[in-house]
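Asks: Got a structure here, written out as structure tokens. Questions coming.
The values are calculated or read from the model by the stated rules, or taken from the named source; none is laboratory data. Quantities reported herein were computed from a predicted structural model and do not represent experimental measurements. Here Cβ is always computed from backbone atoms with ideal geometry, including for glycine, and neighbour counts include all displayed protein chains.
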Amino acid sequence: MLRPIFQLSKFVRNPEFLTTPLEAYENHTSPSAQKKFVPWEQKTISKLFWRGSSTGDSYSKRKNSDYTWKQSHRPRLALMTQETEGQRDVWVKRGKEWDKESWGVAKLNEAYMDIGLTGGPHQCKKEDGTCDEMSKEIQFKDRVQPEQAAKYKYVFDIDGNGWSSRFHRLIMSGSVVVKATIYPEWLSDWMTPWVHYIPCKIDYSDLYDIMSFFAGPPDGRVGGHDELAKQISEQGKKFGEEHWRWEDMQAYMFRLMLEYSRLLADDREEWSYQKTYN
């Protein structure tokens, strides 16, 4: 007998049935949701913004393993964007050509990033000193209200312990979403990367290149592709308004339950959908 597991998120190759998460969901017509929307023309900061807690892992010193808390996705992002030493090669447009240029990481982070963990270390083991290490090495920042975050043209969406519950709120904010994830969501097949959001590699190796393309070179000598970023933000918001509504989630769940019932039925053909109208 089939033994399904209904999940809010899963890995790509897992067989679970995806359901529609309601955590942090707001109907876009509600007054509270509308307050968080800022038109592109009123967004004053051309940096990539993110704040969040250090969820996503159980941090400890693991025996017989080279893995450390610094390799987990959220601390790794925070450490990368607070770095002030070293060089990175970034694709930069000069005239009509694109070339790789070496830039100081400090300059790149100053020009492009406003990213940080908040609230101190979480989900870490105090007994082995992991929490103290994280406190010393990570520059924790203050929380920022969604209304303030909406002033940024670019917002980052990253996994936590599972899928990101912020995705809907972010695409409805009017900012363009840069997204790094390993979790498909119930509507992932309907969303198109580079049309509704900007995909980012999970190792963040293309993050500076993305910002150079859209916001322009770190030295600000020439502009980027602001109009294209605006277009993606508008198409993402339109998708949310037309396909991520309360009734869309209801329809998805209803269809999911119908299909599950069909799979469990002794006579699947009898339980299959039959057109009953002309």
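Asks: Which of the numbered conditions does A33 fail, given that it passes all the others? Conditions: (1) of a type in the set (A, V, I, L, M, F, W, C); (2) in contact with a Pro (Cβ under 7 Å, 6 or more places away or on another chain); (3) at pLDDT below 90; (4) crowded, with 16+ Cβ neighbours inside 10 Å.
Replies: Answer for A33: the failing condition is (2).
Asks: Okay, moving on. Within segment 101-114, is even one residue among the hydroxyl-bearing types (S, T, Y) and either farther than 27 Å from H225 by Cα or in a helix (DSSP H, G or I) (or both)?
Replies: Yes, the conditions are met somewhere in segment 101-114.
Asks: Under the condition of being of a type outside the set (K, R) and free of Cβ contacts under 8 Å to residues at least 12 places away in the same chain, which residue from segment 46-77 is nearest to S173 (Cα to Cα)?
Replies: Q71
Asks: Of everything in segment 170-189 that's surrounded by fewer than 24 Cβ atoms within 10 Å (Cβ to Cβ) and among the polar types (S, T, N, Q), which residue is nearest to L207 (Cα to Cα)?
Replies: Here the residue is T181.
Asks: Under the condition of being of a type outside the set (F, W, Y) and in contact with a helix residue (DSSP H, G or I) (Cβ under 7 Å, 6 or more places away or on another chain), which residue from segment 229-244 is nearest to K93 (Cα to Cα)?
Replies: A229
Asks: Which members of segment 228-242 meet the condition of being of a type in the set (A, V, I, L, M, F, W, C) and either over 17 Å from Q34 (Cα atoms) or surrounded by fewer than 18 Cβ atoms within 10 Å (Cβ to Cβ) (or both)?
Replies: L228, A229, I232 - these are the residues of segment 228-242 that are of a type in the set (A, V, I, L, M, F, W, C) and either over 17 Å from Q34 (Cα atoms) or surrounded by fewer than 18 Cβ atoms within 10 Å (Cβ to Cβ) (or both).
Asks: Write out, first by first residue and then by second, each pair whose Cβ atoms fall under 9 Å of each other, whose residues are 6+ apart or on separate chains, and whose first residue, in segment 253-270, is touching a residue at least 24 places away in the same chain (Cβ under 8 Å) while the second is exposed (fewer than 10 other Cβ atoms within 10 Å of the Cβ).
Replies: Partner pairs satisfying both residue conditions: Y260/L2; L263/L2; L264/M1; L264/L2.
Asks: Which condition breaks for F17 when tested against (1) in contact with a strand residue (DSSP E or B) (Cβ under 8 Å, 6 or more places away or on another chain); (2) at pLDDT 95 or above; (3) of a type outside the set (D, E)?
Replies: (2)
Asks: Of all residues in segment 62-90 being surrounded by fewer than 20 Cβ atoms within 10 Å (Cβ to Cβ) and touching a Ser or Thr at 6+ places or on another chain (Cβ under 6 Å), which is nearest to E227 (Cα to Cα)?
Replies: It comes out as D89.
Asks: Which of the residues belonging to segment 36-91 are assigned to a loop (DSSP other than H, G, I, E, B) and of a type in the set (V, I, T)?
Replies: Residues satisfying the conditions are V38, T44, T55, T68, T84.
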